[in-house]
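Engineer: Got a structure for you, written out below as structure tokens; questions coming shortly.
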Amino acid sequence: MDNIKAVILAAGLGTRMKSDIPKVLHPAGSGTMLGEIVGSLKEAGIKDIVVVVGYGAGLVRDAFAGEGLCFVEQKELLGSGDALKCAVEAMGDLTGHVLVTCGDTPLITADTYKRLIRGHAEGNASCTLLTCGMEDPSSYGRIVRDERGNIRKIVEEKDAADEEKKIREVNAGTYGFRGAELREFIRDIEINAKKKEFYLTDMADILARNGKKVLSEPCPPDEALGVNSRKDLAVVNRILNQRVIERLMGSGVTIIDPATTYIDKSAVIEKDTTILPCTVIKPGVTIASGCRIGPFARLRPGTTLSRGVEIGNFVELCRTEIGENTKVKHHTYLGDTVVGSNVNIGAGTITANYDGEKKARTVIKDRAFIGVGVILIAPVEIGREARVGAGSVVTKNRNVPDGETVVGIPARPLKKS
Ligand code: UD1
Ligand code: CA
């Protein structure tokens, strides 16, 4: 999509978050709220993205350096209308359309952005508002329509008359504008007497009064949620997680308890794998089919499981590959480890992969058997079909040859009688 530019309004203070961190940098999904929004806009095919920054501007710029975004600073936080004016002044050519969205609505999907753009273009409108029916509309601007159903204006809660407060249709804070008209009419926004702010929402009234076409496009209610507090943030994260889980269940993964299972959207999990409750699966983890994970397992980035692997309770894996049909069932930490197939890792096994300065690798080959309570000090290799006795400590570089049994601290070959 070449004739469309996007503006994300992200300068606000986020007072109700009660935080020193800019609101848009709070965690959502795999990254931050702003990251989710940028990701969805890019997925919708928008390449030209302007972010209006203000509070904590430096932090936001640093967090998104190298992402190809253009930053515009709003020096004084004079409201959403002023924020967009700053962007419009800094943007060159505005012959196409401008999609404006808020930095605190991270649930809007690429599909919805695409639908808004399509509706805006096909409706030949000056402005198209993303709107939605809300059970509790109290923290949103209401869409006021005339008797023929045409949009007249948006009225904020603080300025709404009692009748207007009853309106359930709200402004999701995302808009399509025709660039040239945006530039022409944004100057007409006047300061709101009560809030001493310039409201972007006044554009609807201004355009309608000037005989311009203002349309709406429906937004699914679970996408419109704007994050104003930590409570809203928790709801957003639950919904983002739910989306990942529903997609995985749809592709044949069994998830016993979606409410206590946390899976990053970039994780790849094949069908007929079962995820038991209270399991956390981080970015980039890949799990083949027929595995059984959890309960209470934590799979961190760089973890790859082959088919038929069983990972049990209180097991943490980090940068670790596990071969087919291997079992790691209880109270174990494996980091920077390559484990072969049909290996059994006993309860309480720990790889000591970090010596305080650098990380080192552990290799455990096919059909090895590691007893309970073993410590493997990396770098070290355990050979094929080798056995390590319960409670042993295998010290670094003391590789165990194929078929050997070692025991003790430090582990030594078992004397044959
Ligand atoms: C805004 C809308 C409201 C809509 C809701 C949707 C206005 C006046 N109201 O209300 O109709 O229902 O979003 O979530 O726009 N911002 C700046 N600079 C500023 C002030 C705000 O960049 O000076 C940014 C904020 O970072 C935020 C966005 O604009 O991303 C909206 O501001 P916010 O204060 O959250 O507005 P709401 O009261 O939620
Ligand atoms: Ca908001």
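The values are calculated or read from the model by the stated rules, or taken from the named source; none is laboratory data. This one's a predicted model, so the numbers in the text were calculated from it and none came from an experiment. Don't worry about glycine lacking a Cβ; one is built from the backbone with ideal geometry, like all the others, and counts go over all protein chains shown. Quick note on the areas: whole protein, heavy atoms, side chains included, nothing else; ligands and nucleic acids left out. Shrake-Rupley method; radii C 1.70, N 1.55, O 1.52, S 1.80 Å.
Engineer: Compute, for residue 102, the solvent-accessible surface of its heavy atoms (probe 1.4 Å) with the complete set of protein chains present, and express it in square angstrom to the nearest 10.
Structural biologist: Estimated to the nearest 10 Å², residue 102 gives 30 Å².
Engineer: How much solvent-accessible surface does residue 246 expose, in Å² to the nearest 10, with a 1.4 Å probe and all protein chains in place?
Structural biologist: Rounded to the nearest 10, that gives 110 Å².
Engineer: Another question, then. Starting from 0.36 nm per residue, how many nanometres of slack lie between residue 194 and residue 20 once their C-alpha separation is accounted for?
Structural biologist: 60.0 nm
Engineer: Hey, what did the stretch 4-224 get for relative contact order, percent, Cα under 8 Å, at least 6 apart?
Structural biologist: 24
Engineer: Rounded to the nearest 5, what % of DSSP beta bridges with both residues in the stretch 4-224 are antiparallel?
Structural biologist: 45
Engineer: So how far apart, in nm, are the two label points at residue 330 and residue 13 if each is 7 Å from Cα heading toward Cβ?
Structural biologist: It is 5.6 nm.
Engineer: Counting Lys +1, Arg +1, Asp -1, Glu -1, what net charge surrounds residue 186 among other residues with beta carbon under 10 Å of its beta carbon?
Structural biologist: Summing Lys/Arg as +1 and Asp/Glu as -1 gives -3.
Engineer: While we're looking at this one, here's another question. Under 1.5 on a/c is rounded, so check that first for the stretch 4-224, then, if it is not, pick prolate when a/b is larger than b/c and oblate when it is not; a ≥ b ≥ c are the square roots of the alpha carbon gyration tensor eigenvalues.
Structural biologist: rounded
Engineer: What figure, in Å² to the nearest 10, do you get for the accessible area of residue 107 with a 1.4 Å probe and non-protein molecules left out?
Structural biologist: 0
Engineer: Can you give me the long-range amide H partners of residue 263? Hydrogens built in the peptide plane at 1.01 Å from N, cutoff under 5 Å, separation of 5 or more residues or another chain.
Structural biologist: 281
Engineer: What ³J(HN,Hα) values, in whole Hz, does the Karplus curve 6.51 cos²θ - 1.76 cosθ + 1.60 give for the stretch 244-255 when θ = phi - 60°, with x put for Gly and Pro?
Structural biologist: Listing the rounded values in order: 5, 5, 5, 4, 5, 4, x, 9, x, 9, 8, 10 Hz.
Engineer: Another question about this same structure. Helix-derived [θ] at 222 nm for the chain: sum -39500 (n - 2.57) over DSSP H runs of at least 4, divide by residue count, nearest 500?
Structural biologist: My calculation for the chain gives -6000 deg cm²/dmol from helical runs alone.
Engineer: How far apart, in nm, are the 7 Å Cα→Cβ label points at residue 231 and residue 243?
Structural biologist: Going by the 7 Å Cα→Cβ label model, 2.4 nm.
Engineer: Just to confirm my understanding: which cysteines in the chain have no other cysteine beta carbon less than 4.7 Å from their beta carbon?
Structural biologist: That list is 70, 86, 102, 127, 278, 291, 318.
Engineer: Next question, about the same structure. Report the semi-axes of the equivalent ellipsoid for the chain in whole Å, largest first, where each axis is √(5λ) for an eigenvalue λ of the Cα gyration tensor.
Structural biologist: Equivalent-ellipsoid dimensions as semi-axes: 56, 20, 17 Å.
Engineer: To make sure I understand the rule: partners must be lysines, Cα under 19 Å from the Cα of residue 359, and not fewer than 8 residues away in the same chain. Which ones qualify?
Structural biologist: 396
Engineer: Obtain the nm distance between the two label points defined at residue 209 and residue 159 by a simple spin-label model: each point lies 7 Å from its Cα along the Cα-to-C-beta direction.
Structural biologist: 1.0
Engineer: How high is the relative contact order of the chain, in percent, counting Cα pairs under 8 Å that sit 6 or more residues apart?
Structural biologist: 9
Engineer: Here is a follow-up. So which aspartates and glutamates can residue 165 reach, going by Cα to Cα under 16 Å and dropping same-chain residues fewer than 8 places off?
Structural biologist: 135, 136, 146, 156, 157
Engineer: I've got another one for you. Over what distance in Å are the Cα centres of the stretch 40-95 and the stretch 190-266 separated?
Structural biologist: Result: 19 Å between the Cα centres.
Engineer: Let me ask another. What is the Cα coordinate range of the stretch 309-374 on the first, second and third principal axes, sorted by size from largest, in whole angstrom?
Structural biologist: Here the Cα extents, ordered largest to smallest, are 33, 20, 17 Å.
Engineer: Can you run phi through the Karplus equation (6.51, -1.76, 1.60; θ = phi - 60°) for the stretch 333-350 and list ³J(HN,Hα) in whole Hz, with x for Gly and Pro?
Structural biologist: Karplus values, whole Hz, x for Gly and Pro: 10, 10, x, 6, 10, 10, 10, x, 8, 6, 8, 10, 9, x, 4, x, 6, 10.
Engineer: May I ask you to give the percent of accessible area on the chain that is carbon plus sulfur, with a probe radius of 1.4 Å?
Structural biologist: 50
Engineer: Sticking with this one: Assign unit charges at the C-beta atoms only (+1 for Lys and Arg, -1 for Asp and Glu), then state the dipole size of the chain relative to its Cα centre in Debye, rounded to the nearest 20.
Structural biologist: Approximately 1420 debye in magnitude.
Engineer: Here's a follow-up. Taking the solvent-accessible surface of protein heavy atoms with a 1.4 Å probe, what is the per residue accessible area of the stretch 4-224 in Å²?
Structural biologist: 44
Engineer: Still on this structure, I have one more. Among the listed pairs 18/213; 85/213; 327/358; 47/358, which have their C-alpha atoms separated by more than 31 angstrom in this model?
Structural biologist: Listed pairs above 31 Å: 18/213; 47/358.
Engineer: Would any residue of the stretch 287-314 have its amide N under 15 Å from a label point 7 Å out along Cα→Cβ of residue 256? List them or say none.
Structural biologist: Once the point is set 7 Å along Cα→Cβ of residue 256, 291-298, 310-314 turn out to lie under 15 Å by backbone N, inside the stretch 287-314.
Engineer: Could you tell me the calculated FRET efficiency between residue 111 and residue 313, based on Cβ-Cβ distance and R0 = 45 angstrom, to the nearest 0.05?
Structural biologist: So, using R0 = 45 Å, E works out to roughly 0.75.
Engineer: Using amide H atoms built in the peptide plane, which far-off residues or other-chain residues are under 5 Å from residue 339 H to H?
Structural biologist: 321, 322, 323, 364
Engineer: Order 5, 114, 75 by their accessible area, 1.4 angstrom probe, all chains in place, largest first.
Structural biologist: 75, 114, 5
Engineer: From the protein chains alone at 1.4 Å, what is the descending order of accessible area for 194, 265, largest first?
Structural biologist: Solvent-accessible surface, decreasing: 194, 265.
Engineer: Suppose every K and R has +1 on its Cβ and every D and E has -1 on its Cβ; what is the size of the dipole of the stretch 4-224 about the Cα centre, in Debye to the nearest 20?
Structural biologist: So the dipole magnitude of the stretch 4-224 works out to roughly 260 debye.
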